[in-house]
Amino acid sequence: MVEVERVRYSDSSEREKIRAMIKARKEKDKSAEVEKAKVQCPECGSRNLVQDYERAELVCSDCGLVVDAEFVDEGPEWRAFDHDQRMKRSRVGAPMTYTIHDKGLSTMIDWRNRDSYGKSISSKNRAQLYRLRKWQRRIRVSNATERNLAFALSELDRMASALGLPRTVRETAAVVYRKAVDKNLIRGRSIEGVAAAALYAACRQCSVPRTLDEIGEVSRVSRKEIGRTYRFISRELSLKLMPTSPIDYVPRFCSGLNLKGEVQSRGVEILRQASEKELTSGRGPTGVAAAAIYIASILCGERRTQREVADVAGVTEVTIRNRYKELAEELDIEIIL
């Protein structure tokens with residue numbers, strides 16, 4: 001019970017305000033009691049409640065008491081047995097994504113001249129649809145910031161597609177670029193350079209390593225500018241990125257050389273032993289990874305030449321020779337050439 005002290009009020013609006021506050025407090029207490037009853041079994045006090053959607057019942061898994069019956073199923077009213085049926089019957093749009101400048105929340109008119117039922121649109125209405133499509137494309141980008149973001153994110157998507165990067169890396173790169181725009185780090189720098197640096201930072205964050213040379217090949221800026229912009233962005237945005245481990249490159253290099261899983265496991269083992277003896281510090285991770293794969297391929301009987309390994313890893317044969325000799329000597333690995 002809520003006790004209210006009787007006070008004379010000269011103003012009727014103040015009296016109404018007090019009544020509204022009391023009413024809101026009562027409703028809040030009532031909803032809290034209902035929520036408490038829902039999450040706890042009134043018989044045994046257990047909170048292990050299971051919802052049986054086929055019977056529309058809320059059942060206690062400890063004592064078997066039916067706590068609630070005939071509750072509303074908030075799921076879809078249709079059933080789907082494969083991915084295609086689920087996509088056809090769902091009536092919602094795509095999820096929000098950071099790789100589009102408006103996060104994918106705006107309306108988009110499809111380029112196909114068909115209506116929602118799949119029927120072809122008459123020629124009389126096609127001119128109107130063309131005008132709608134044109135103005136929709138124009139109003140999606142309203143100011144200079146959105147125009148910058150739209151161009152940069154399309155450039156990010158192009159580079160990520162050329163490198164075959166997964167969706168998580170693209171989303172992370174888009175988030176990094178958006179943070180750089182919010183902190184006004186784009187001014188005085190090329191959009192392509194900042195986008196390439198954001199993509200390189202995202203690869204480092206998601207443990208999907210790509211070298212600066214690989215990013216530079218698919219971008220329209222030089223490797224030197226990407227590295228400079230990356231260091232500036234990581235410092236200004238306080239990105240805590242650990243140095244790339246040579247082990248991260250082993251699966252990709254082995255796949256490019258068509259080597260078996262045994263060679264990959266042996267290469268990872270060699271790199272772990274080298275890391276324990278601090279043989280990988282101060283050296284390029286790609287060169288050390290390529291040397292470990294070269295040694296593992298010889299030990300497992302799937303020999304690859306230094307030229308083949310160097311082409312896949314993007315290093316020189318001299319680097320592989322120097323690194324594999326260091327690893328073989330320090331780890332006491334006998335290599336028969």
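The values are calculated or read from the model by the stated rules, or taken from the named source; none is laboratory data. Note that this is a predicted model, so its numbers are computed, not measured. Using ideal geometry, Cβ is built from the backbone for each residue, glycine included, and neighbour counts are taken over all protein chains shown. Note: accessible area is taken over every heavy atom of the protein model, side chains too, but ligands, DNA and RNA are not part of it. Shrake-Rupley method; radii C 1.70, N 1.55, O 1.52, S 1.80 Å.
When you look at Leu149, is it under 23 Å from the mean Cα position of the chain (by Cα) and at pLDDT below 80, yes or no? Before the answer, list the steps.
Values: under 23 Å from the mean Cα position of the chain (by Cα): yes; at pLDDT below 80: no.
So Leu149 does not fit the description; no.
What pairs can you find where one residue is in region 164-192 and touching a residue at least 12 places away in the same chain (Cβ under 8 Å), the other is surrounded by 15 or more Cβ atoms within 10 Å (Cβ to Cβ) and of a type in the set (Phe, Trp, Tyr), and their Cβ atoms are less than 7 Å apart, with a gap of 6+ or different chains?
Matching pairs, first to second residue: Glu171/Tyr98; Ala174/Tyr98; Val175/Tyr98; Arg178/Tyr98; Ile191/Phe151.
Can you find even one residue in region 103-113 that is under 27 Å from the mean Cα position of the chain (by Cα), assigned to a loop (DSSP other than H, G, I, E, B) and at pLDDT 80 or above? Spell out the reasoning first.
Step one: of region 103-113, the residues under 27 Å from the mean Cα position of the chain (by Cα) are 103-110.
Within this subset, residues satisfying the condition of being assigned to a loop (DSSP other than H, G, I, E, B) are 103-110.
Subset that is at pLDDT 80 or above: 103.
Yes, region 103-113 contains at least one residue that is under 27 Å from the mean Cα position of the chain (by Cα), assigned to a loop (DSSP other than H, G, I, E, B) and at pLDDT 80 or above.
Do you know which residues across region 301-322 are open to solvent by less than 50 Å² (accessible area, probe 1.4 Å) and without any contact (Cβ under 8 Å) to a residue 24 or more places away in the chain?
Gln306, Ala310
So is Arg303 over 21 Å from Arg272 (Cβ atoms), basic (Lys, Arg) and not in a loop (DSSP other than H, G, I, E, B) or not? Quick ask: steps written out before the conclusion?
Details: over 21 Å from Arg272 (Cβ atoms): yes; basic (Lys, Arg): yes; not in a loop (DSSP other than H, G, I, E, B): no.
No, not satisfied.
I need the full set of residues from region 159-170 which are part of a helix (DSSP H, G or I) and surrounded by 15 or more Cβ atoms within 10 Å (Cβ to Cβ), in order please. Don't jump to the end; show me each part of the working.
Just the residues of region 159-170 that are part of a helix (DSSP H, G or I), to begin with: 159-163, 167-170.
Selection gives Met159, Ala160, Leu163, Val169, Arg170.
Out of region 88-121, which residues are among the hydroxyl-bearing types (Ser, Thr, Tyr) and open to solvent by 100 Å² or more (accessible area, probe 1.4 Å)?
If we filter region 88-121 for residues that are among the hydroxyl-bearing types (Ser, Thr, Tyr), which is where we start, we get 90, 97-99, 106-107, 116-117, 120.
Passing the criteria: Ser116, Tyr117.
For Ala202, only one of the following conditions fails: (1) free of Cβ contacts under 8 Å to residues at least 24 places away in the same chain; (2) not in a loop (DSSP other than H, G, I, E, B). What is its number?
Going through (1) free of Cβ contacts under 8 Å to residues at least 24 places away in the same chain; (2) not in a loop (DSSP other than H, G, I, E, B) one by one, Ala202 breaks only (1).
For Val263, state whether it is aliphatic (A, V, I, L, M), more than 18 Å from Lys179 (Cβ to Cβ) and outside any helix (DSSP H, G or I). Explain how you work it out, then say what you get.
Numbers: aliphatic (A, V, I, L, M): yes; more than 18 Å from Lys179 (Cβ to Cβ): yes; outside any helix (DSSP H, G or I): no.
It is false that Val263 is aliphatic (A, V, I, L, M), more than 18 Å from Lys179 (Cβ to Cβ) and outside any helix (DSSP H, G or I).
It is to be established whether one or more residues within region 222-235 are assigned to a helix (DSSP H, G or I), farther than 21 Å from Ile100 by Cβ and acidic (Asp, Glu).
Yes: region 222-235 contains one or more residues that are assigned to a helix (DSSP H, G or I), farther than 21 Å from Ile100 by Cβ and acidic (Asp, Glu).
Of the conditions (1) surrounded by 10 or more Cβ atoms within 10 Å (Cβ to Cβ); (2) modelled with pLDDT under 80; (3) in a loop (DSSP other than H, G, I, E, B), Arg19 satisfies every one except a single condition; which number is it?
Looking at each condition in turn, Arg19 falls short on (3).
Every residue in region 268-300 that is open to solvent by 60 Å² or more (accessible area, probe 1.4 Å), assigned to a loop (DSSP other than H, G, I, E, B) and either of a type in the set (A, V, I, L, M, F, W, C) or over 22 Å from Val208 (Cα atoms) (or both), please.
Lys277, Glu278
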